[in-house]
Amino acid sequence: MLHFAMETSPYAKLLLGAMKNSGCKVFKERHFSCEDCSGTVSGGFDAASSQIVLCQNNIHQQSHMNRVVTHELIHSFDHCRAHVDWFNNLRHLACSEIRAANLSGDCSFINEVSRLNFGLKEHHQECVRGRALRSILAVRKISREEAEKIVDEVFDSCFNDHAPFGRIPHSKEDAKFAYRDYMNKDRYYANL
Amino acid sequence: MDRPEESRWRPPRVCEDYWTEFRHCKSLRNRFHHYYTYGAMPSCQQWNEDHNNCKQWEMHRSPEAKEALQKSERNRVAEQKNFTPVWQLRQEPPRDWHMPLNQEKPQDS
């Protein structure tokens, strides 16, 4: 399923291309690890080993695999292109979680409805905030109030950082358009 | 000898891409996604204008069309950068990205 995601998902293909372009070519055998995880966690990014962990006991469908791979590749991309202090700077952690929830399809209308979260107008933003909060609380021992404050502080900046997609890819079609733009980027910037 | 810039320049995107972006922008699905994200309908007319200008350049090499298209795309780039980054961007990738897994720190040579 991982191989299929890397070969066919326009989200993953764009991120893999952007990472290669930034000097962080991804090798499946080196940068991915399939493990059994506790609870309902789907995956994670370990900056210390430069590895994406995929929870093989909690990923059962290709669509879920595609989304988890995209989510974790966004963290990897942030690690590759920026000085992200994962362990000591909660604002950095929050920012990458906001971006991953925003750009991976985690907060699509259909995914939210399947979680019984019904909302329409601007619900995507509400979902991104909520999922970023959950991710932070899962890995750091801080209060909910403190986590909310940090998410609020960085939300506007990080929600509007759409790199490397250039847009929020709500659907596979959006992701294909973004991938098309990415493949055209040399011509694009040469003629601005 | 360099060719004049006009003969080297071409639109940032193929003209067909502006048209497909316009159609995609106006689609029901995209309007839904935009409302779900921003609580408002998307503005799509700029894609149509860009397509027209692209065709004007293709057919007549209009300098006004070229300028309008460049201005529009520069605006798009500026909009994508319209935020204050939380972190500092790297000049080089992380040193340990490609290191084997049993070697966490650089060795002294």
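Nothing in this text is a laboratory measurement; each read-out follows from the coordinates by a stated rule. Note that the coordinates shown come from a computational prediction; the quantities given were computed from them, not determined experimentally. Don't worry about glycine lacking a Cβ; one is built from the backbone with ideal geometry, like all the others, and counts go over all protein chains shown.
Loop-only check: which chymotrypsin sites (Phe, Trp or Tyr not before Pro) in the stretch A:108-162 are DSSP coil with at most 16 other Cβ within 10 angstrom? Intermediate results must be reported in sequence, preceding the final value.
Numbers: sites: A:Phe109, A:Phe118, A:Phe155, A:Phe159; in loops: A:Phe118.
Qualifying residues, ordered by number: A:Phe118.
Could you identify which residue out of A:Leu93, A:Leu14, A:Leu116 has the top mean-square fluctuation in a GNM of chain A using Cα springs shorter than 10 Å?
Of the options given, A:Leu116 has the highest mean-square fluctuation.
A:Cys34's amide H: which non-local residues (gap 5+, or another chain) put their own amide H closer than 5 Å, with H modeled 1.01 Å from N in plane and none for Pro or chain starts?
A:Leu54
Need one number: nm distance between label points at A:Arg167 and A:Phe87, each 7 Å from Cα along Cα→Cβ, rounded to one decimal.
Label at A:Arg167, label at A:Phe87, 4.0 nm between them.
Could you check the simple spin-label distance between B:Arg76 and A:Lys149, using points 7 Å along Cα→Cβ, in nm with one decimal?
4.2 nm
Could you give the length gained on full extension between A:Glu126 and A:Arg187, defined as 0.36 nm per residue of separation minus the Cα-Cα distance, in nm?
Numbers: separation 61, 0.36 × 61 = 21.96 nm, distance 3.65 nm.
That works out to 18.3 nm of additional length.
Running a GNM on chain A with Cα contacts under 10 Å, which residue among A:Asp181, A:Asp106, A:Asp161 ends up with the highest mean-square fluctuation?
A:Asp181
Please report, in debye to the nearest 20, how large the charge dipole of chain A is about its Cα centre when each Lys and Arg carries +1 at its beta carbon and each Asp and Glu carries -1 there.
440 debye
For a Förster distance of 35 Å, can you work out the FRET efficiency between the beta-carbons of B:Glu64 and B:Leu28, rounded to the nearest 0.05? Before the final figure, lay out the partial values.
Numbers: r = 34 Å, r/R0 = 0.97.
For B:Glu64 and B:Leu28, the calculated efficiency is 0.55.
Once each part is reduced to its C-alpha centroid, what is the distance from the stretch B:31-93 to the stretch A:148-192 in angstrom?
Taking the Cα centre of the stretch A:148-192 as reference, the centre of the stretch B:31-93 is 12 Å away.
For a label point 7 angstrom out from the Cα of B:Ala40 toward its Cβ, which stretches of the stretch A:150-192 have the backbone nitrogen within less than 20 Å?
Under 20 Å, as judged by backbone N against the label point of B:Ala40, lie A:155-162, A:167-170 of the stretch A:150-192.
Can you list residues whose amide H is under 5 Å from A:Gly43's amide H, if they're 5+ apart or on another chain and H is modeled 1.01 Å from N?
Long-range HN contacts for A:Gly43: A:Cys55.
How large is log10 of I(q)/I(0) for the stretch A:1-83 at q = 0.18, 0.23, 0.26 Å⁻¹ when the intensity is taken from the Debye formula with one equal scatterer per alpha-carbon?
Taken in order of the listed q values, log10 I(q)/I(0) reads -0.69, -1.12, -1.40.
What fraction of the Cα pairs in the stretch A:57-189, stated in percent, has a spacing above 26 angstrom?
Looking at the stretch A:57-189, the distances longer than 26 Å represent 23 percent of pairs.
Could you calculate the contour length gain from A:His3 to A:Asn57, that is, 0.36 nm times the residue separation minus the distance between their Cα atoms, to one decimal place in nm?
Between A:His3 and A:Asn57, full extension yields 17.7 nm more.
Mean-square fluctuation check for chain B, GNM, Cα pairs under 10 Å: which of B:Lys66, B:Lys55, B:Lys81 is largest?
With Cα springs under 10 Å in chain B, the top fluctuation among B:Lys66, B:Lys55, B:Lys81 is at B:Lys81.
Choose one of A:Asn21, A:Val69, A:Gly43: the residue whose Cα lies farthest towards the positive end of the charge dipole of the stretch A:16-111 (beta-carbon charges +1 Lys, Arg; -1 Asp, Glu; about the Cα centre).
So the residue we want is A:Asn21.
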